[in-house]
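Below is one structure, written out as structure tokens; the observations come after it.
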Amino acid sequence: MTEQIDAQDIVYVSSTFDDDGKAAVLLKWGSIETILTPEAAITTARDLMNAASAAESDIALIRTMREVLQLDTQTTARLLQDVRSRRPAPKGKTAMRIEAVAGMKTGRPYVHIGRGSMKRELDPDAAREMATHWISAAVAAQIDLRLRYALGEWDRLDVVEIDELFGLIRSVGR
């Protein structure tokens, strides 16, 4: 059985350039469409990876506290909160809110993401996969900018033809 994914759930990132002609990453998610720096995309990927690991670690810690130490739910929650408060806070600008979640009742790890009114819950593997897309978009933005520059210097294609070429490449990649 395949999982039904609503178009509003899809977070789409791709390489582009900003109004100043610098490398950028385009984020499309539901009604949200914004231009980000490649650095923000890399930071977002890092935070997605960290949140996936933290959620899995939290679940392991909860299981240990319950099954091995036989602690009650309130004590477990307090200890988990203390462990989380000791983790270093992420630095840098990210494209969305990212939070590691340990389902105390379900015993499953999750990563919550959000931006504006958009929000979604991912399992850790989906968060890691999403992170790879963010990294790819950031790297592609840098490469695409250099390729656009090289094609422009080649003197055989004009700006419109270069844009059409990139549009064609994007359509083939989907």
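Couple of notes before you dig in:
- Residue in the stretch 39-58 that is free of Cβ contacts under 8 Å to residues at least 40 places away in the same chain, surrounded by fewer than 22 Cβ atoms within 10 Å (Cβ to Cβ) and among the aliphatic types (A, V, I, L, M) present: no
- Residue ID - surrounded by the fewest Cβ atoms within 10 Å (Cβ to Cβ), chosen from residues in the stretch 146-159 that are within 15 Å of Ser15 (Cα to Cα) and among the charged types (D, E, K, R): Arg146
- Among (1) within 25 Å of Ala40 (Cα to Cα); (2) more than 22 Å from the chain's Cα centre (by Cα) - the single one Asp155 does not satisfy: (1)
- Within the stretch 8-57, being under 24 Å from Ile169 (Cβ atoms), hydroxyl-bearing (Ser, Thr, Tyr) and at pLDDT 95 or above holds for Thr34, Thr37, Thr44.
- Identity of the residue in the stretch 10-27, assigned to a strand (DSSP E or B) and of a type in the set (Gly, Ala, Ser), that ends up farthest from Thr132 (Cα to Cα): Ala23
- Taking the listed residues Gly92, Gly103, the one that is at pLDDT below 95, within 24 Å of Ala126 (Cβ to Cβ), in contact with a Lys or Arg (Cβ under 9 Å, 6 or more places away or on another chain) and surrounded by 11 or more Cβ atoms within 10 Å (Cβ to Cβ) is Gly92, with no other qualifying.
- Failed item in (1) surrounded by fewer than 13 Cβ atoms within 10 Å (Cβ to Cβ); (2) within 28 Å of Thr73 (Cα to Cα); (3) of a type in the set (Asp, Glu), with Glu121 passing the rest: (1)
- Within the stretch 50-64, being touching a Leu at 6+ places or on another chain (Cβ under 7 Å) and either of a type in the set (Lys, Arg) or under 15 Å from Lys105 (Cβ atoms) (or both) holds for Asp58, Ile62.
- Enumeration of residues in the stretch 63-100 that are of a type in the set (Lys, Arg) and assigned to a strand (DSSP E or B): Arg97
- Just one of the listed residues (Thr16, Thr37, Thr73, Thr43) is among the β-branched types (Val, Ile, Thr) and more than 27 Å from Asp144 (Cβ to Cβ), namely Thr73.
- Checking Ala54, Ala40, Ala45 one by one, the residue that is more than 20 Å from Glu121 (Cα to Cα), under 19 Å from the mean Cα position of the chain (by Cα) and in a helix (DSSP H, G or I) is Ala40 and no other.
- Residue among Ile162, Ile143, Ile135 that alone is surrounded by fewer than 16 Cβ atoms within 10 Å (Cβ to Cβ), among the hydrophobic types (A, V, I, L, M, F, W, C) and not in a strand (DSSP E or B): Ile143
The values are calculated or read from the model by the stated rules, or taken from the named source; none is laboratory data. These numbers come from a predicted model, not from an experiment. Counting neighbours? That spans all protein chains shown, and the Cβs are built from the backbone with ideal geometry, glycine included.
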